[in-house]
Amino acid sequence: MKHLFVFFIFMLGNCCSLWGSVADENDTAFAFETELTCIKQPSTETANSQMLISACKHSPPKSHHCCGCNQVIFEADLSRCNIVEDDRCAFGQGADFVTAFNGNDFSCSKLRHKCGIEITPLNGTSFTFGIPPLGSSGPVPFGLFDHVKFLAYSLFREAPLSNCELCTTWVGSGKQLQVDNQPFDGAVNDPNSDPRLACFCFVALDPTLLTTFDWICTNRVIYALVERLPGAEAVFGDYAAYTYLIPVGVRNKEKDLFDDIHQFKTCYNREKGTVTWELDGCKVFQITQIGHRLTKHNAFVFKDGKKKRLNNPTRFQVLDHGGVDQDISPTGLQTGLAFFTLLDFLPAPTRLKACRQDITTTGLYSGLVRLESSLYRFGTTFFYNDPLQGGEQSFIEDSALVGTQYQPTIPSNFRLFGQGAALRLFKYKISHEKAD
């Protein structure tokens, strides 16, 4: 997997020198709908209108060379599509975002009647890029790259060392497209809340440490993602690699989902070592101990504005690649936009009250498709581990093991079956803000 890390850094690198007391068990026994009551919220229509008016009234500046807290350091110009394909040097020529990996299967257009842009697959409706390509069977080495259908980042921003936070704010909406066509039948409980089939995302990454803090969105549920990717073992040794999906919000089913606009905000406090997710002005999730698997001591949700320990976060772990927890401290983050399919993930609970027994006894506790062909990540540690039941993770669509490699016998129509996603972006801002 070391070549995966080298390729990752090459793709995101600096080609032009521009980069630079224990709570009781009832603490999580509340639906996440109630978590968003930290402030009195206006009606959805009013809130959406206010966000759009704010985004359109403001004349977006480009980069701001500033210091201190409470200052905008970058804001995208969304009066046009300014996404450049695969050219890190374009940041020096005024690009807002540059694609990475499989990022060329996309189309960007200016919204005619609103201030913002819309991103879809190149054909408008469905993903066509996969690893291996459409028509070729999997799994294959480096199969996790199949996750990426579109990925575009802005310039890497260093986090301040003082008690300020590096924050990115997105105002946007989106949809999963044609996910009801999924070929897994009863293995998918609700396609419109399952991000494995397709999702639109607002992403944050430290490309050196391979740690990510994302917003993963479906037609019904909004998730916070915490992840450290495998692939950097040659640099960091047998470190813990994992992914969690925490349900933190719901979509409005009573309206067109493009009109269900939310403000997403991710803040990294380098001094305190915390990452905080805020949805529509309310804190909804926070982690400490970056580089560690989540526990009730380092993962927190918010109820009525008060921070509560998240008991048994393993319920929300959707990938476990083994390894040892490490203390890591990102120097900064790169943020942007994405479409993913996450077909090797275990199912993500759609509510915080989900209990372990509910998750493991439904008969649906499996990944959908094995993507990576290697049995082991390192030594005798499985590449895919079952975080709740132990042993190797199971898959609905799997293949035969020969030696230490799973054979490429799973047809591509289980990875690409007509699904897609669309995203609308009305505001994108990076700022330094004073910590609470």
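The values are calculated or read from the model by the stated rules, or taken from the named source; none is laboratory data. Quick caveat, the model's predicted, so the values are computed rather than measured. Note: ideal-geometry Cβ built from the backbone for every residue, glycine included; neighbour counts use all protein chains shown.
Looking at the structure I just gave you, is Asp327 closer than 18 Å to Pro247 by Cα, among the charged types (D, E, K, R) and surrounded by fewer than 18 Cβ atoms within 10 Å (Cβ to Cβ)?
Against the criterion (closer than 18 Å to Pro247 by Cα, among the charged types (D, E, K, R) and surrounded by fewer than 18 Cβ atoms within 10 Å (Cβ to Cβ)), Asp327 does not qualify.
Looking only at strands (runs of 3 or more DSSP E) that fall completely inside the stretch 207-312, which ones have 1 or more residues that are crowded, with 19+ Cβ neighbours inside 10 Å and small (Gly, Ala, Ser)?
221-228, 242-250, 299-303
Report the residue count in the stretch 101-125 for those that are touching a Leu at 6+ places or on another chain (Cβ under 6 Å) and among the polar types (S, T, N, Q).
2
Kindly indicate which of Leu122, Leu151 is outside any loop (DSSP other than H, G, I, E, B) and touching a strand residue (DSSP E or B) at 6+ places or on another chain (Cβ under 7 Å).
That would be Leu151, the only listed residue that is outside any loop (DSSP other than H, G, I, E, B) and touching a strand residue (DSSP E or B) at 6+ places or on another chain (Cβ under 7 Å).
Is it true that some residue in the stretch 351-364 is out of contact with any Pro (no Cβ under 6 Å at 6 or more places or on another chain), among the small types (Gly, Ala, Ser) and closer than 30 Å to Thr276 by Cα?
yes
So in the stretch 128-145, with the set limited to residues that are surrounded by 19 or more Cβ atoms within 10 Å (Cβ to Cβ) and among the small types (Gly, Ala, Ser), which one is farthest from Leu229 (Cα to Cα)?
Taking the candidates together, the pick is Gly138.
Would you confirm whether or not the stretch 160-178 contains a residue that is under 18 Å from the mean Cα position of the chain (by Cα), part of a loop (DSSP other than H, G, I, E, B) and surrounded by fewer than 23 Cβ atoms within 10 Å (Cβ to Cβ)?
There is no residue in the stretch 160-178 that is under 18 Å from the mean Cα position of the chain (by Cα), part of a loop (DSSP other than H, G, I, E, B) and surrounded by fewer than 23 Cβ atoms within 10 Å (Cβ to Cβ).
In the stretch 265-276, is there at least one residue being at pLDDT below 95, over 28 Å from Asp96 (Cβ atoms) and touching a Cys at 6+ places or on another chain (Cβ under 9 Å)?
Checked against the condition, which is being at pLDDT below 95, over 28 Å from Asp96 (Cβ atoms) and touching a Cys at 6+ places or on another chain (Cβ under 9 Å), the stretch 265-276 yields no hits at all.
Pull up the stretch 115-131, narrow it to residues that are farther than 13 Å from Ala198 by Cα and of a type in the set (Val, Ile, Thr), then point me to the one that is modelled with the lowest pLDDT.
Ile131
Could we say that Ala421 is more than 20 Å from the chain's Cα centre (by Cα) and among the hydrophobic types (A, V, I, L, M, F, W, C) here?
no
On the given criteria, is Gly363 surrounded by fewer than 17 Cβ atoms within 10 Å (Cβ to Cβ), modelled with pLDDT under 95, small (Gly, Ala, Ser) and more than 24 Å from Leu197 (Cα to Cα)?
In short, no.
Please work out which one of (1) surrounded by fewer than 16 Cβ atoms within 10 Å (Cβ to Cβ); (2) within 22 Å of Val140 (Cβ to Cβ); (3) of a type in the set (A, V, I, L, M, F, W, C) is the condition Phe340 fails and give its number.
So the condition that Phe340 fails would be (1).
Could you tell me whether the stretch 400-409 includes any residue that is in a loop (DSSP other than H, G, I, E, B) and closer than 19 Å to Arg196 by Cβ? Break it down into steps so the answer makes sense when it comes.
Filtering the stretch 400-409 for residues in a loop (DSSP other than H, G, I, E, B) gives 400, 403-404, 407-409.
Then drop every residue that is not closer than 19 Å to Arg196 by Cβ, which leaves none.
So far as the stretch 400-409 goes, no, none of its residues is in a loop (DSSP other than H, G, I, E, B) and closer than 19 Å to Arg196 by Cβ.
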